[in-house]
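Only one structure is covered here, and it is reproduced in the block below.
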Amino acid sequence: MTSPPLPASPAPSPQLARLLAGYRRFRATAWTPRRDRWAALREAQSPEVMVIACSDSRVDPAQVFDVDPGEIFVVRNVAAMVPPFETTPGHHGVSAALEFAVQVLKVREIIVLGHGMCGGCKAALTRELYGSKPGEGGFIADWIALLDEARAPVVAQYGTTGRAAERAMEQAGVCLSLKNLRSFPCVAAGEANGTLTLRGGFFAISDGVLHLLDETSGAFVPVG
Ligand SMILES: [Zn+2]
């Protein structure tokens with residue numbers, strides 16, 4: 001039995017054409033003039049910072065922090081979540097990346113970066129996808145159920161709709177991810193012996209201001 005032939009590659013769509021134009025700009029203006037910088041990265045990476053951020057297209061950590069390739073090790077997912085340390089069967093993508101960052105790369109800092117107008121946090125608040133089947137919203141519903149623990153006090157204070165409730169949920173999500181990070185033995189040990197620092201952050205494209213969490217007061221403080 002022979003496999004059916006693969007379809008011919010389609011001509012670039014307008015979307016891909018735009019990306020390829022950007023790639024050519026990058027080659028011409030960023031990559032080629034700085035080949036020495038990239039040569040140092042050819043064999044290995046040694047970023048000192050891990051960033052856990054949302055997949056939202058408006059919050060690219062490399063753009064927000066204006067860093068070069070090689071500087072930050074990034075995991076992005078819906079709502080910038082870190083699940084708790086779990087040993088149940090499954091495909092633990094965030095946990096694998098975290099393990100690699102802490103145990104192999106030995107990053108010194110982990111930043112959880114929440115953001116404004118987060119669709120994942122909003123859906124956690126409204127529970128609009130609850131009961132959906134996998135592939136029809138169920139994967140999202142299951143994933144953002146991680147936020148349920150943080151949701152209850154937010155709903156008690158602000159209800160389930162409106163920007164005040166949404167922002168509180170977005171920021172509570174950062175705090176929950178920090179708590180879950182600390183449930184990983186290697187993270188807790190690193191924090192205890194001073195080799196690893198955890199940090200919560202929040203960025204909204206609407207005002208372009210980065211806030212950092214003061215864990216003592218619970219306040220997100222704008223960066224000057
Ligand atoms: Zn988001």
Spin-label model distance (nm) - W31 vs A192, 7 Å beyond Cα toward Cβ: 4.5 nm
Kirkwood estimate for the stretch 164-224, i.e. one over the average of 1/r between Cα atoms, Å: 12.7 Å
Per-residue Cβ neighbour rank within 10 angstrom, fewest leading, M117, M81: M117, M81
FRET efficiency estimate (nearest 0.05) - Cβ-Cβ, T87 to S206, R0 35 angstrom: 0.30
Paramagnetic reach from R163 (point 7 Å along Cα→Cβ, amide N under 20 Å) across the stretch 113-129: 114-126
Set of lysines near K106 by C-alpha distance (under 21 Å), chain-local residues within fewer than 8 positions excluded: K179
Neighbourhood net charge (14 Å Cβ-Cβ; Lys/Arg +1, Asp/Glu -1) for Q63: -3
Neighbour-count order for E128, E71, E43, fewest beta carbons within 10 angstrom listed first: E43, E128, E71
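Using only C-alpha positions, report the orientation-averaged shadow area of the convex hull of the chain, nm², one decimal.
One quarter of the hull surface, i.e. the mean projection, equals 17.9 nm².
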Charged-residue dipole, Cβ positions (Lys, Arg, Asp, Glu), the chain about Cα centre, Debye nearest 20: 680 debye
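Using the crude model of +1 on Lys and Arg Cβ and -1 on Asp and Glu Cβ, and no other charge, please compute the dipole size for the stretch 1-96 relative to its Cα centre, in debye to 20.
That gives the stretch 1-96 a dipole magnitude of about 560 debye.
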Debye intensity ratio I(q)/I(0), log10, the stretch 126-213, q values 0.14, 0.25 Å⁻¹ (C-alpha model): -0.66, -1.18
For P185, net neighbour charge (Lys/Arg +1, Asp/Glu -1) across residues whose Cβ lies under 13 Å away: -2
Average silhouette area of the stretch 8-112, convex hull of alpha-carbon atoms, in square nanometres: 9.8 nm²
Partners for K122 among lysines (Cα-Cα distance below 20 Å; same-chain residues under 8 apart left out): K133
Listed residue (A40, C121, T197) projecting farthest to the positive dipole end of the chain, Cβ model: A40
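Bear in mind these aren't lab numbers, they're just calculated from the coordinates by the rules spelled out. All of these numbers come straight from a predicted model, not from anything done at the bench. Methodologically, a virtual Cβ is constructed for each residue, glycine included, from the backbone with ideal geometry; neighbour enumeration extends over all protein chains shown.
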